[in-house]
């Protein structure tokens, strides 16, 4: 296949050695990457050499450069600000991009108007420069709870009347008569008085509950002193509503300070970034967003989140806690300080309450990522396309609806378990999950264990208890696992193995034919899906999309060959989206299968340990152990029981009851109902592990 190419001479001798921002463009003129540099010529030279260095993503970006532009800045801080603005403007495909924020709405208060309105908005608008305030972004469900709380606590206008245009035109609505609105539409409420209510709303959304409670209490006392008991009662009710709302927010910081806490989780397919807003020591709100998991560092994702999120956030606290140090931490802190109008400290806490806050944010990020991955992202249409592509790649005779995935987990050589997880329509169907204990052989042999589990499942292929027949069976493992179970699989059921890379991340699929379908982008210099429909097409497409870099020795400049096939460029994005969707689905399936298998083997191991522990007590055998466990809730219940309670268990002799009591109370001896603090802690910890 002939490829038309054009030469691109970088001419770095014309680039100044000054700080600035550079924009890389492809042959269509689209911006594909935005970066900043202290020395533009030096940074660009790292790209335009005969042998550029970088990971697969960087090399893929370089292979598509057809032109570039640069903008000179006064200093590094100005470069950072400009870079953040240009990334939000152009959304270049090779920069770290967060998901579109349309699923995270804001509360919009039009403070620039005489009678401010409270609205829902999907992004920060240009009126923020005129004084409007935007709070959030909120999760889609949380914003309705926040707006409802505002209506319960503050007498704000919620109708569609435009003020002051509609003042006096109609009678006030019901909200005025029940005390939910002060009625600015009547004409006897000044703009200043209504602004005072809006100021309280702003304090509420900023998390300044203590200040707000002081103001409301003062107003209530003044109303009571003026004998306005009805108004005082309304204010009392609002104070109670605010206190109830405040009580629901758990105190997470002893210093009652204001700060944002950032957490990050990644699974090899996607990254979740979580922000907890802590105001007055309480978690006031949280934001989460997602990005594709590539080869970038945790610090790079956090920097991208900060630069893309905080430009649209009006309220920036004085402290932001980070799970890792940033490369340009001092510079980014200076930029945030400039945005906020006060000094902002970026800090990685290593102890105390702040470290626990970082752990909380990280745990929330992990939970959010798991939910997001199991739900197949946000697009049902994308999930359908993913399943169609999976059916094509695995050679399924029909559409794939039911997927069964299998994994083996071992704790030692005796506690072994297998799992079957089911995804219906691309989403987990937990009611159909099954556990299998390995019983046909001794020792550790994952191949034989996988064979046993699938053979037992297929023996009941038409059993309604297991649900309908699977369209695809996935095994956790490579070609060896697939070949081991292949003779068991009926012809109408597709089979494949899910393989991992050297970093233990889901990497792709292996088919019974031995073909490996690579899905992870950083395994490929072209950063594209390598599973092609035929070998011939694969050769052609690789030729079209490969980076072809040649150096003109005489001029010392680099010449980049770029494909001008517009149709191929159009298909690249489509294939990339399908690859991401397929990788997300397989990651979710593999993680679920591994988690579920590990849970059973762990439980088997803990039950074995509990049995061995109890049978260490003189006089306790299998029958006595069973009676104790039937009468008390696990080890913790047995350890907490008094001697009288143990003796009261039918069939347990007094001597055995005393031996059990002494075992868990070695310092007290039989006859004492106390349990030492250290022993109690040990028992609690052991019981928690068993759960």
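The values are calculated or read from the model by the stated rules, or taken from the named source; none is laboratory data. Computed from a predicted model, the values in this text were never measured in an experiment. Cβ coordinates were reconstructed from backbone atoms using ideal geometry, including for glycine residues, and neighbour counts include every protein chain displayed.
Observations
Residue-by-condition table, conditions (1) free of Cβ contacts under 8 Å to residues at least 60 places away in the same chain; (2) over 18 Å from residue 133 (Cα atoms); (3) touching a strand residue (DSSP E or B) at 6+ places or on another chain (Cβ under 6 Å):
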| position | (1), (2), (3) |
| --- | --- |
| 189 | yes, yes, no |
| 202 | no, no, no |
| 211 | yes, yes, no |
| 216 | yes, yes, no |
| 221 | yes, yes, no |
| 228 | yes, yes, no |
| 237 | yes, yes, no |
| 242 | no, yes, no |
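- Contacts under 9 angstrom Cβ, first residue in the stretch 452-478 being not assigned by TED's automatic domain parsing to the domain that holds residue 424, partner in a helix (DSSP H, G or I) and surrounded by fewer than 20 Cβ atoms within 10 Å (Cβ to Cβ), 6 or more apart: none
- Residue tally, condition exposed (fewer than 12 other Cβ atoms within 10 Å of the Cβ) and farther than 14 Å from residue 624 by Cβ, over the stretch 635-656: 1
- Look at (1) in contact with a strand residue (DSSP E or B) (Cβ under 8 Å, 6 or more places away or on another chain); (2) surrounded by fewer than 20 Cβ atoms within 10 Å (Cβ to Cβ); (3) under 23 Å from residue 97 (Cα atoms) and you find that residue 37 fails only one, number (2).
- Matching option when the condition is in contact with a strand residue (DSSP E or B) (Cβ under 9 Å, 6 or more places away or on another chain), assigned to a helix (DSSP H, G or I), in contact (Cβ under 8 Å) with a residue 40 or more places away in the chain and on the phi < 0 side of the Ramachandran plot, among 308, 288: 308
- Whenever a residue of the stretch 356-368 is over 18 Å from residue 267 (Cβ atoms) and in the same structural domain as residue 275 (by TED's automatic domain parsing), its partners that are surrounded by 18 or more Cβ atoms within 10 Å (Cβ to Cβ) and at pLDDT below 85, lying with C-beta atoms within less than 8 angstrom and at least six residues away or across chains, give the pairs 357/253.
- Flag if residue 214 is under 44 Å from the mean Cα position of the chain (by Cα) and within 24 Å of residue 113 (Cβ to Cβ): no
- Any helices (runs of 4 or more DSSP H) falling wholly within the stretch 163-240 and containing at least 2 residues that are more than 25 Å from residue 143 (Cα to Cα): 191-205, 209-225
- For the stretch 166-186, the set of residues classified as surrounded by 12 or more Cβ atoms within 10 Å (Cβ to Cβ) and in contact (Cβ under 8 Å) with a residue 12 or more places away in the chain consists of 166, 167, 172, 173, 175, 179, 180, 181, 182, 184, 185, 186, listed by residue number.
For (1) touching a helix residue (DSSP H, G or I) at 6+ places or on another chain (Cβ under 9 Å); (2) surrounded by 14 or more Cβ atoms within 10 Å (Cβ to Cβ); (3) assigned to a helix (DSSP H, G or I); (4) at pLDDT 90 or above, each residue gets a yes or a no:
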| position | (1), (2), (3), (4) |
| --- | --- |
| 399 | yes, no, no, no |
| 409 | yes, yes, no, no |
| 421 | yes, yes, no, yes |
| 440 | yes, no, no, no |
| 447 | yes, yes, yes, yes |
| 450 | yes, yes, yes, yes |
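- Test: residue 405 is crowded, with 20+ Cβ neighbours inside 10 Å, closer than 16 Å to residue 589 by Cα, at pLDDT 85 or above and in contact with a strand residue (DSSP E or B) (Cβ under 7 Å, 6 or more places away or on another chain): yes
- Residue 436 being more than 17 Å from residue 587 (Cα to Cα) and in a loop (DSSP other than H, G, I, E, B): no
- Among (1) in contact with a strand residue (DSSP E or B) (Cβ under 7 Å, 6 or more places away or on another chain); (2) under 28 Å from residue 582 (Cβ atoms) - the single one residue 300 does not satisfy: (1)
- Breaking point among (1) surrounded by fewer than 19 Cβ atoms within 10 Å (Cβ to Cβ); (2) under 26 Å from residue 285 (Cβ atoms); (3) modelled with pLDDT under 90, for residue 364: (1)
- Contact annotation: residue pairs with Cβ atoms under 9 Å, 6 or more positions apart or on different chains, pairing a residue in the stretch 120-142 that is modelled with pLDDT of 80 or more with a partner that is surrounded by fewer than 14 Cβ atoms within 10 Å (Cβ to Cβ) and assigned to a loop (DSSP other than H, G, I, E, B), are 127/112; 130/112; 131/112; 132/112.
- Looking only at the stretch 576-597, and only at residues there that are modelled with pLDDT under 80 and surrounded by fewer than 17 Cβ atoms within 10 Å (Cβ to Cβ), the one that is nearest to the chain's Cα centre (by Cα): 577
- Test: residue in the stretch 668-681 that is part of a helix (DSSP H, G or I), farther than 27 Å from residue 475 by Cβ and at pLDDT 80 or above: no
- The sole residue among 315, 339 that is surrounded by fewer than 18 Cβ atoms within 10 Å (Cβ to Cβ), outside the structural domain of residue 503 (by TED's automatic domain parsing) and in a helix (DSSP H, G or I) is 339.
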